[in-house]
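Visitor: Quick one: structure below, then a few questions.
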Amino acid sequence: MPDQVQPSDLEKFHAAYGVLLKSSMTSLRKRDKKREKHRAEETARKKRRLQEEIVIEGAKRGNGRRKRQRKIKAALKLEESKKRVQEKEEAKARAKT
């Protein structure tokens, strides 16, 4: 393995070396507290939204039907996301044991 990089391989070397440096220097990067706080708030908001129950009320026919249909669709979507979150948590629990 040669210790020197040939001029023809210089660009390829720089690309590979740049990736290596970026991956090893992440711990030296300054913390972005604003971004961390924003992400924490987002996850908290998502968890809160999962805990809420959607109350389906209103007319089945006539005025308010569209509103009711949207709520039904949102409730179904919420149930799906709850199932997905529960499956993820179970997978994490299985991975730990």
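Visitor: What does the charge dipole of the chain about its Cα centre add up to, to the nearest 20 debye, if the Cβ of each Lys and Arg holds +1 and the Cβ of each Asp and Glu holds -1?
Guide: 1180 debye
Visitor: Please give every one of the lysines within straight-line cross-link reach of K96, meaning a C-alpha to C-alpha distance under 23 Å, and leave out same-chain neighbours fewer than 8 residues apart.
Guide: Leaving aside lysines fewer than 8 places away in the same chain, those within reach of K96 are K47, K82, K83, K88.
Visitor: So if R0 is 41 Å, what FRET efficiency would R65 and A95 give, r being the distance between their Cβ atoms, rounded to the nearest 0.05?
Guide: It comes out at approximately 0.35.
Visitor: Let me ask something additional. Set Lys and Arg Cβ to +1 and Asp and Glu Cβ to -1, take the dipole of the chain about its Cα centre, and tell me which of G64, A74, A44 lies farthest positive.
Guide: The Cα lying farthest towards the positive end belongs to G64.
Visitor: To continue, here is another question. Please enumerate, by chain and number, the aspartates and glutamates with C-alpha under 13 Å from the C-alpha of K33, excluding those fewer than 8 residues away in the same chain.
Guide: E41
Visitor: Within the set of other residues whose C-beta is less than 15 Å from the C-beta of T26, count the net charge using Lys and Arg as +1 and Asp and Glu as -1.
Guide: Cβ neighbours under 15 Å give a net charge of +3.
Visitor: Determine the gain in length on full extension of the stretch K47-D3; use 0.36 nm per residue of separation and subtract their C-alpha separation, reporting nm with one decimal.
Guide: Separation in residues times 0.36 nm, less the Cα-Cα distance, equals 10.5 nm.
Visitor: Okay, next question. May I ask you to sort T43, T97 by Cβ crowding, counting other Cβ atoms within 10 Å and putting the fewest first?
Guide: Starting with the residue having the fewest Cβ neighbours, the order is T97, T43.
Visitor: Filter K46/K92; K46/K67; K30/K77 down to the pairs with a C-alpha to C-alpha distance above 30 Å, please.
Guide: Check vs 30 Å cut-off fails for K30/K77.
Visitor: May I ask which residue of T97, V85, S24 lies farthest towards the positive end of the charge dipole of the range 24-97, with charges of +1 (Lys, Arg) and -1 (Asp, Glu) on Cβ and the Cα centre as origin?
Guide: S24
Visitor: Which values, in whole Å and largest first, are the semi-axes of the equivalent ellipsoid of the range 35-97 obtained as the square root of 5 times each eigenvalue of the Cα gyration tensor?
Guide: Equivalent-ellipsoid dimensions as semi-axes: 32, 17, 7 Å.
Rule-based calculations on the coordinates, nothing more; no lab input. Predicted model only: the values in this text are computed from it and were never measured. As a convention, Cβ positions derive from the backbone with ideal geometry for all residues, glycine included, and neighbour counts pool all protein chains shown.
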